[in-house]
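Student: Dumping the structure here so I can ask a few things about it.
The values are calculated or read from the model by the stated rules, or taken from the named source; none is laboratory data. Values in this document were obtained by computation on a predicted structure and should not be read as measured data. So basically every Cβ, Gly included, is an ideal-geometry build from the backbone, and we count neighbours across all protein chains shown. Each accessible area value is taken on the protein alone, full model and side chains, heavy atoms only, with ligands, DNA and RNA left out. Shrake-Rupley method; radii C 1.70, N 1.55, O 1.52, S 1.80 Å.
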Amino acid sequence: MCREAVSARLDGEPGPAPAEAVDAHLERCASCHRWQEEAVALNRALRMRAAAQQPDLVPAVLAHAPAVPTLRQRRRTSLRTQWSRHALAVVAGAQLLLGLAQVFGLRFGMLAHGMAGGRGMDSGPGMSGHLFNESTSWALAVGAGLMWVAVRPRSAGGMLPVLSVFVAVLSVFVAHDLAAGEMTVARAASHLLLVAGLGLLAVTHRRHGRPQLPAPGHRLPVGRESSVTAGAVDPSGDREARRSVWPLPPTGRHAA
């Protein structure tokens, strides 16, 4: 009965005899005491085992891990990836300066008789002045839009169709006015800012304006899965580069 009680105690079950009686018997009986020690050793061997020896993979993993870029390397990478935004900001600033100059009455490269010329477009005495004001408004609007895209490149897709049509139609009018002698070369050259802005806008939209889908089989770096799925902001790296990561929507929503 003592050995049954010891076995039940090792299994965490109630024994057939009181614990005080079992302990008193184990102190007197050397055979039962030895049987208890063997049962404890066997029970421990069945429940636990030594961990198998495994090769140390830390050196191999660290050898294939990418090196942490230095501050100079990060700056160079930023310049290579963000050059279109910087150039777009320069073009936008020049376009804004051109518009502001026209606000203060500088008719840059315009002929004295106005923009309407002899094509029958001047339907009133204030038509040329209105067209000049409209041109000034467009110059400021385009400059402000390009500057906004330089700051927020994800918005490039909204401005790209408008500026593309504007530049295409304007190019036809510029070619016609130059051939008819109704526009100076200096005025036509000022419109090259729009052409440059359109090209940089397309490059910015291609590089930063669309979310990038991960390649098949590509795994996100450690620690990025939760931040991407939750839309959290990674404190390191470029802000727009973090926004360009494809946002994985949550499969369910619940109150925290």
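Student: Any residue at all in region 100-121 that is out of contact with any Leu (no Cβ under 8 Å at 6 or more places or on another chain), under 20 Å from Glu182 (Cα atoms), part of a helix (DSSP H, G or I) and at pLDDT below 85?
Tutor: Yes, the conditions are met somewhere in region 100-121.
Student: Residue under question is Ala87, and the condition is that it be among the small types (Gly, Ala, Ser) and either touching a helix residue (DSSP H, G or I) at 6+ places or on another chain (Cβ under 9 Å) or open to solvent by less than 50 Å² (accessible area, probe 1.4 Å) (or both); does it hold? So that I can check it myself, show each step before the final result.
Tutor: Working: among the small types (Gly, Ala, Ser): yes; either touching a helix residue (DSSP H, G or I) at 6+ places or on another chain (Cβ under 9 Å) or open to solvent by less than 50 Å² (accessible area, probe 1.4 Å) (or both): yes.
Here the answer is yes, as Ala87 does meet what is asked.
Student: Testing Pro153 on (1) open to solvent by 40 Å² or more (accessible area, probe 1.4 Å); (2) at pLDDT below 90; (3) over 21 Å from Leu97 (Cα atoms), one condition comes back false. Which one is that?
Tutor: Of everything listed in (1) open to solvent by 40 Å² or more (accessible area, probe 1.4 Å); (2) at pLDDT below 90; (3) over 21 Å from Leu97 (Cα atoms), Pro153 misses just condition (1).
Student: For region 162-209, which residues satisfy the criterion of being open to solvent by less than 50 Å² (accessible area, probe 1.4 Å), closer than 19 Å to Val149 by Cα and charged (D, E, K, R)?
Tutor: Correct list: empty.
Student: How many residues are of a type outside the set (Val, Ile, Thr) and within 17 Å of the chain's Cα centre (by Cα) when one looks only at region 137-153?
Tutor: Total satisfying the criteria: 3.
Student: A follow-up question, please. If you take the residues of region 27-78 that are assigned to a loop (DSSP other than H, G, I, E, B) and of a type in the set (S, T, N, Q), which of them is farthest from the chain's Cα centre (by Cα)?
Tutor: Checked region 27-78; the qualifying residue farthest from the chain's Cα centre (by Cα) is Gln53.
Student: Do we find that Leu98 is open to solvent by less than 90 Å² (accessible area, probe 1.4 Å) and more than 30 Å from Leu193 (Cβ to Cβ) in this structure? Can you show your working first?
Tutor: Working: open to solvent by less than 90 Å² (accessible area, probe 1.4 Å): yes; more than 30 Å from Leu193 (Cβ to Cβ): no.
No.
Student: Moving on to the next point. Which one is surrounded by the most Cβ atoms within 10 Å (Cβ to Cβ) among residues in region 30-72 that are under 11 Å from Arg3 (Cα atoms) and in contact with a helix residue (DSSP H, G or I) (Cβ under 7 Å, 6 or more places away or on another chain)?
Tutor: Among those residues, the one meeting the criterion is Gln36.
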